[in-house]
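Right, one structure below, let's go through it.
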Amino acid sequence: MKEFEPRILSVAEMRAERDRLVAEGKKLVFTNGCFDILHSGHVSYLAFARRQGDALVVAVNTDSSVKRNKGDGRPINNEGDRAYVLGSLRVVDYVVLFDDKEPKEVIARILPQVLVKGKDWAHYVSGREVVEAAGGRVVLADMVEGRSTTGTIEKVLQVYKEKRGNE
């Protein structure tokens, strides 16, 4: 049996794949994020995004982009590991890495028909104008209450601190 390899593509390769999908009458869905420590909120969000079309591409912030956006302590997991884990999920068809502060340029280059972001970004969806100008649509996903990477990190630190205090 052949080992599974997730489809981690360059932006140019993803655009070619998008063009192939469109020629077949299929809709490509795009979302993005750091996905530093994968949790059930992420998986629920990605499953929602995948249901909006025929294929899902997830643009993942590079390590330097995460550090710029989240601070010096992040990311916890490196970009290769984050891309591999995401690409291994059944709901994710493709992964691309991007190094910008926001994904507007990568969205313009790939040009998905559907752009999904969490409702916590309702005030500003990077790439909205590009997708809508091309006839696509933006969909906002509900967030899973109580699930966040920051919350996970805080819980791990608290448990570790308590454990060390009991030694």
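Residues whose amide H lies under 5 Å from that of A59, counting only those 5 or more places away or on a different chain, are T31, N32, G33, V96; hydrogens are built 1.01 Å from N in the peptide plane.
In this label model, K155 and V91 are separated by 1.8 nm, measuring between points 7 Å along each Cα→Cβ vector. Sort out the exposed loop chymotrypsin sites (Phe, Trp or Tyr not before Pro) in the chain (DSSP loop, at most 15 other Cβ within 10 Å) and tell me the longest stretch that has none. The answer is 5-123. The label point for A16 and the one for A134, both projected 7 Å from the Cα toward the Cβ, are 1.7 nm apart.
When every alpha-carbon pair in the chain is counted, what percent end up more than 20 Å apart?
Details: 7255 of 13861 pairs.
Counting pairs separated by more than 20 Å, the tail of P(r) holds 52 percent.
Using only side-chain charges placed at the Cβ, +1 for Lys and Arg and -1 for Asp and Glu, the dipole size of the chain relative to its Cα centre rounds to 260 debye. Inter-part distance, region 92-167 to region 20-60, computed on C-alpha centroids, equals 11 Å. Per residue of the chain, the DSSP helices (runs of n ≥ 4 H) give a summed -39500 (n - 2.57) that works out to -12500 deg cm²/dmol at 222 nm. Given axes a ≥ b ≥ c from the Cα gyration tensor, I'd like to know whether region 86-167 is rounded (a/c under 1.5), prolate (a/b larger than b/c) or oblate. Cα axes put region 86-167 in the prolate bin. With the charge dipole of region 11-165 set up from +1 on Lys and Arg Cβ and -1 on Asp and Glu Cβ about the Cα centre, the Cα lying farthest toward the positive end among the listed residues L38, L21, P103 is that of L38.
Every number in this text was worked out from the coordinates using simple rules, so none of it is lab data. No experiment lies behind these values; they were computed from the predicted model shown. Note that each Cβ is placed from the backbone with ideal geometry, even for glycine, and that neighbours are counted across all protein chains shown.
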